[in-house]
1. Only one of Ala123, Ala166 is under 14 Å from Glu18 (Cα atoms) and surrounded by 20 or more Cβ atoms within 10 Å (Cβ to Cβ); which?
2. Collect the residues in the stretch 3-24 that are near the ligand (Cβ under 8 Å from one of its atoms) and either more than 17 Å from Ser134 (Cα to Cα) or more than 10 Å from the chain's Cα centre (by Cα) (or both), keeping them in residue-number order.
3. Cβ-Cβ distance below 7 Å, separation of 6 or more or different chains: which pairs start in the stretch 103-116 with a residue that is among the charged types (D, E, K, R) and end on one that is assigned to a loop (DSSP other than H, G, I, E, B)?
4. List pairs: first in the stretch 170-189 and touching a residue at least 40 places away in the same chain (Cβ under 8 Å), second part of a loop (DSSP other than H, G, I, E, B) and among the basic types (Lys, Arg), Cβ under 9 Å, 6+ apart or cross-chain?
5. Has the stretch 153-163 got any residue that is more than 14 Å from the ligand (Cβ to nearest atom), touching a helix residue (DSSP H, G or I) at 6+ places or on another chain (Cβ under 7 Å) and within 24 Å of Pro48 (Cβ to Cβ)?
6. Answer yes or no: is there a residue in the stretch 31-38 that is crowded, with 17+ Cβ neighbours inside 10 Å, within 16 Å of the ligand (Cβ to nearest atom) and at pLDDT 95 or above.
7. Out of Arg83, Arg88, which single residue is within 23 Å of Leu106 (Cα to Cα) and in contact with a helix residue (DSSP H, G or I) (Cβ under 9 Å, 6 or more places away or on another chain)?
Amino acid sequence: MQKAQRVLVLAPHTDDGELGCGGSISKFIEEGKEVHYVAFSICTRSLPKHLAPDTLAKEVKEATRILGVSNTNLTLFDFDVRRFKEFRQDILEELVKIKSSLQPDLVFMPTLNDIHQDHQVIAEEGLRAFKNVSILGYELPWNNLTFNTQCFIKLNENHIQKKIDALSAYESQKQRSYLNADFIRSLANVRAVQIGAPYAEAFEVIRWVI
Ligand SMILES: [Zn+2]
């Protein structure tokens with residue numbers, strides 16, 4: 001983990017990456033690692049009518065900026081929500097391009113036990129595209145059928161506050177229970193108690209290459 005210098009976060013939808021590993025992103029930036037964030041949908045065709053089509057694009061820019069990710073390291077696609085399976089090959093080809101241009105040494109993505117149909121596509125195609133790269137699956141309890149806490153990243157108050165601040169940039173999604181600051185802090189507490197740290201995020205080890 002210490003050696004990983006170029007980290008790639010794969011988010012099926014904007015906010016998944018911040019929810020799954022926002023505290024860790026903030027810590028990596030603090031440690032001087034290069035963090036890239038790729039979101040596969042900004043939902044322009046599925047947002048409620050009263051919202052501008054680029055609402056989520058603006059919000060993810062602000063959220064990742066708060067975490068410290070440079071704007072040039074943010075890549076946004078606009079695959080239709082809940083229809084990723086229809087674009088599976090296109091998504092795989094984009095992932096392969098990303099792999100050859102970035103050459104990341106650590107990838108974060110949803111786990112293979114995530115039941116959201118779009119998350120499943122990103123997890124399965126990510127596993128194919130990043131064949132020789134270490135991959136950690138992030139925790140999204142509302143979508144995880146099971147979750148094995150095999151890896152922990154220790155965090156401090158500052159990292160968790162950054163995660164909460166970043167997620168508060170999603171003004172259009174604020175009704176969602178998992179964006180609640182108490183929930184975010186509580187989950188980081190649960191994971192911390194498992195290992196005796198102030199805060200933590202937990203991950204499933206999907207592939208570990210040494
Ligand atoms: Zn999602």
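1. Ala166
2. Pro12, His13, Asp15, Asp16
3. So the pair list comes out as Asp105/Ala4; Asp105/Gln5; Asp105/Val133; Asp114/Leu140; Asp114/Asn143.
4. Tyr170/Arg176
5. Taking every residue of the stretch 153-163 in turn, none turns out to be more than 14 Å from the ligand (Cβ to nearest atom), touching a helix residue (DSSP H, G or I) at 6+ places or on another chain (Cβ under 7 Å) and within 24 Å of Pro48 (Cβ to Cβ).
6. Within the stretch 31-38 (the criterion being crowded, with 17+ Cβ neighbours inside 10 Å, within 16 Å of the ligand (Cβ to nearest atom) and at pLDDT 95 or above), the answer is yes, since at least one residue qualifies.
7. Arg88
Table: residues versus (1) more than 20 Å from Ser101 (Cα to Cα); (2) among the hydroxyl-bearing types (Ser, Thr, Tyr).
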residue	(1), (2)
Lys3	no, no
Leu8	no, no
Ala11	no, no
Gly20	yes, no
Gly23	yes, no
Glu34	no, no
Thr44	yes, yes
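The values are calculated or read from the model by the stated rules, or taken from the named source; none is laboratory data. The structure displayed is predicted, hence computed values, not measured ones. Every residue, glycine as well, gets a Cβ built from its backbone with ideal geometry; the counts of neighbours run over all protein chains shown.
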